[in-house]
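Have a look at the structure below before the remarks.
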Amino acid sequence: MESDPLIKGYFSSVKDSIVSLHYTPGEFYLTMAMEFFLKCSFNFAGYLLSIFYIEVMGGLVDYLGVKHSYIITSITGLIIFTTIVLIENLIVHATLIITGFAVIAMLTFTSVRKAIILSTDLSNRSQGFSMFNVVLYISTIMFGLFSELLFYLQGVTMDAFKSFFYLFIGFYAISLFLGIFVSKLTRNWTDEKKIYEKGPLEIMREVINEKRFWRLSAVLSVSAIPIGTLYQSGFALPIYMEREIGDTSNYGIIIAVFALLIIILSPILTPLVEYFTIYECLIIGTVILGIAPLVFIFGASYYTIMAYVIITAIGGTIFECRVVDYSGYAGYPGREGIFFSLIAYTYSFGYIVTGIVGGIFLEKYCPEEGDKACWAMWYWIAGVDAIGALLFIVFRKYLEQPMNPHEPDPYIFSSHMH
């Protein structure tokens with residue numbers, strides 16, 4: 001066959017290239033060894049240390065309390081952005097951002113959620129977490145609009161970024177004021193049970209011996225699947241629009257509509273907890289998220305895209321609000337920070353699911369060039385989400401906690417910690 005010489009030539013070339021490595025300087029083999037050991041240590045240590053420090057930060061919030069966590073976060077933010085404005089040195093900037101923002105992100109992530117626990121009771125906690133979701137999306141929309149305006153007026157320049165830095169300084173100054181003065185007027189932040197005789201590491205060790213900690217970890221691990229499906233609206237959807245419709249000019253409007261729907265639906269759909277358990281709401285939200293991609297059976301158009309966005313917003317609203325809610329009810333007084341810090345895993349894994357699933361199916365069914373069957377991509381995404389729903393259902397007996405907001409949870413309050 002004519003192809004035989006070509007095939008033989010190819011494999012001969014491969015063999016020659018491999019053999020030629022034998023004559024390379026010893027530094028090449030040293031480099032390969034370094035790659036192995038450094039990469040292994042980076043991958044495994046990075047993963048394990050992220051778990052370790054996230055849990056330590058959760059314990060730190062439990063140790064410090066919400067008020068002091070707010071103050072530390074605000075002061076850290078002020079130091080970072082004031083220094084960035086005053087000192088124009090990239091090494092200094094990188095050091096501050098890498099070290100400081102890790103502290104800010106985890107303290108903020110955990111302390112705000114713990115504050116909701118402290119400032120609500122069992123009758124209105126679910127609505128409190130829903131309003132948390134509302135404020136989150138409002139701030140996202142406002143920042144997006146401000147960014148567009150600032151870049152329009154000043155262009156993507158250093159002056160524009162300095163304007164952002166000054167804005168952040170102002171925000172952290174306001175947060176510091178609220179943390180120091182306004183919290184003095186609140187009952188819960190000053191009365192919370194902080195256990196000073198135990199440090200963050202002791203708190204973490206104590207909590208990870210609790211059965212509920214591992215039960216929550218399992219729930220949040222499964223939750224990464226529907227979260228990954230939810231975020232396809234930001235990852236796969238714009239690429240799909242570009243490759244199937246040939247136009248992404250209206251994507252900004254679509255995402256704005258999505259955010260507005262989340263804001264509107266979050267408080268409206270909260271009363272579902274009166275009719276279903278929080279765990280059942282997680283299942284309902286996951287199922288709805290899996291239904292959304294199936295609308296593309298009707299073809300690619302702005303009608304199907306809007307239908308997808310609306311259904312995704314409904315499912316995402318139910319799921320995101322209740323997964324935070326679930327974490328709140330799983331915790332117990334003085335240890336909420338540790339339990340809330342676990343949610344960081346859900347979103348980290350969710351981003352991985354989004355990237356891997358979306359990337360694989362985009363490449364296979366909706367490539368930039370060649371034959372396309374983009375509708376199949378969405379079916380596979382719905383199928384992956386179905387795995388999450390199935391896991392929730394199959395392991396319900398082991399994972400669900402009877403968390404009715406109007407009745408004490410017998411599982412939670414049976415702990416020796418009470």
- prompt: I253: net charge of surrounding residues, Cβ under 14 Å, Lys/Arg +1, Asp/Glu -1, itself excluded?
  reply: -2
- line: Ordering V156, V323 by the accessible surface of their heavy atoms, 1.4 Å probe, largest first, yields V156, V323
task: Starting from the Cα-Cα distance between S249 and K162, subtract it from 0.36 nm times their residue separation and give me the gain in nm to one decimal.
output: 28.5 nm
field: Residue-wise HN-Hα coupling along the stretch 151-160, computed from phi with Karplus coefficients 6.51, -1.76, 1.60 (Hz; x: Gly, Pro)
entry: 5, 5, 7, 10, x, 7, 10, 5, 4, 5
- prompt: For the stretch 265-323, what does the alpha-carbon gyration tensor say about shape, rounded, prolate or oblate, given a ≥ b ≥ c as the root eigenvalues, a/c under 1.5 as rounded, and a/b over b/c as prolate?
  reply: prolate
- line: Applying the gyration tensor rule to the Cα atoms of the stretch 246-346 (axes a ≥ b ≥ c; rounded if a/c under 1.5, else prolate if a/b exceeds b/c, else oblate), the class is prolate
- line: Counting only protein heavy atoms and rolling a 1.4 Å probe, one gets per residue an accessible area for the stretch 197-314 in Å² of 42
- prompt: Quick one: Karplus J couplings for the stretch 79-89, per residue in order, coefficients 6.51, -1.76, 1.60, θ = phi - 60°, nearest Hz, x for Gly and Pro?
  reply: 5, 4, 7, 5, 5, 4, 5, 7, 10, 8, 9
field: Accessible surface ranking that places the most exposed of K67, K372, K114, K211 first, with a 1.4 angstrom probe
entry: K211, K372, K67, K114
field: Per-residue ³J(HN,Hα) for the stretch 278-292, Karplus 6.51 cos²θ - 1.76 cosθ + 1.60, θ = phi - 60°, Hz, x for Gly and Pro
entry: 4, 5, 4, 5, 4, 5, 4, x, 5, 4, 5, 4, x, 6, 3
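The values are calculated or read from the model by the stated rules, or taken from the named source; none is laboratory data. Only a predicted model underlies this, so the values are computations on that prediction, with no experimental measurement involved. We place every Cβ from the backbone using ideal geometry, glycine too, and count neighbours over all the protein chains shown. All accessible areas refer to the heavy atoms of the entire protein, side chains included, with ligands and DNA or RNA removed. Shrake-Rupley method; radii C 1.70, N 1.55, O 1.52, S 1.80 Å.
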